[in-house]
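The values are calculated or read from the model by the stated rules, or taken from the named source; none is laboratory data. Predicted model, so just to flag it, every value in this text is computed and none were measured. Glycine gets a Cβ as well: all are built from the backbone with ideal geometry, and neighbour counts include every protein chain shown.
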Amino acid sequence: MANWITLGRVPILLINILVLYRGSPALRLAGVGLLFIGLMLDTVDGMVARARGETSLFGSVLDIAIDRLYESALWLCFANLGFISVAIPLIVIARTTLTDAFRSIAVAQGTAPFAIHRTALGRFLVGSTWMRVGYSVAKTLAFCGLALAQALADFPALVGGSVVGSMVEWLQIVAWIAVIVCVGRGAPVIMHSVRAIGSLSPSARYGPPRPEFSSASRSNDP
């Protein structure tokens, strides 16, 4: 059930993107609510998984993958629409690419992504309720706020352009706060993984030599 809720966020995201680019003014206003629902389902799927005893390594990886899809797609859309700096999606994509690449090592060994941290600081930054809720709130405010600003810009008679401009300025600050928290939460993952890889023996780090590079294969070369 929890995994289906997680997967159900994908069509909601696709609808939101279509609304951002092709929706009428009324649809864009409605899209803000739909976007909020899609973001909040990230919390709901975890609650359902814990309540039904459906927590699993696959569910944890799937949840992170859909989160990455939401973040990357929405930051890129708002940058393309001119609401935020293109530096924001570039930083987020670079951070998520690095952290997920390093996390894949732990996942390959059967360790859940959020269970690889051993230090108190690492556990706090990555898995604590304060940091996870804080990051979620910052993202939700930025995404829904920017979508609302776009929708309100279509109603100049009701909302002046200066009001929308002020909203966007404040929301850009919120977006940068979200990015800073995002990078801060990713740093322990990278640092832990680099230390763990550095402590491995050469054979464990690089694996067994490939046959084509072994001395036996070279001796049989024509």
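Whenever a residue of the range 145-160 is modelled with pLDDT under 90, its partners that are of a type in the set (Val, Ile, Thr), lying with C-beta atoms within less than 7 angstrom and at least six residues away or across chains, give the pairs Ala153/Val164. Please determine, by comparing only the residues of the range 55-83 that are within 20 Å of Thr129 (Cα to Cα) and among the polar types (S, T, N, Q), which one is surrounded by the most Cβ atoms within 10 Å (Cβ to Cβ). Once the filter is applied, the top-ranked residue is Ser60. Condition test on Met1, is it touching a residue at least 12 places away in the same chain (Cβ under 8 Å) and either closer than 24 Å to Gly165 by Cα or more than 16 Å from the chain's Cα centre (by Cα) (or both)? Yes; evaluated as a whole, the condition is true for this residue. Take the range 40-54 and flag every residue that is surrounded by 13 or more Cβ atoms within 10 Å (Cβ to Cβ) and not in a helix (DSSP H, G or I). Scanning the range 40-54 gives a single hit, Glu54. Taking each residue of the range 168-185 that is in contact (Cβ under 8 Å) with a residue 60 or more places away in the chain and more than 17 Å from Gly82 (Cβ to Cβ) and looking for partners that are in a helix (DSSP H, G or I) and charged (D, E, K, R) with beta-carbon atoms closer than 9 Å, six or more apart or interchain, yields Val179/Arg95; Cys182/Glu71; Cys182/Arg95; Cys182/Lys139; Val183/Arg95; Arg185/Arg95; Arg185/Arg132. Taken over the range 39-67, residues that are under 16 Å from Val10 (Cβ atoms) and at pLDDT 80 or above amount to 11.
Checked against (1) at pLDDT 95 or above; (2) over 15 Å from the mean Cα position of the chain (by Cα); (3) closer than 23 Å to Ile12 by Cα, Gly82 meets all criteria but (1).
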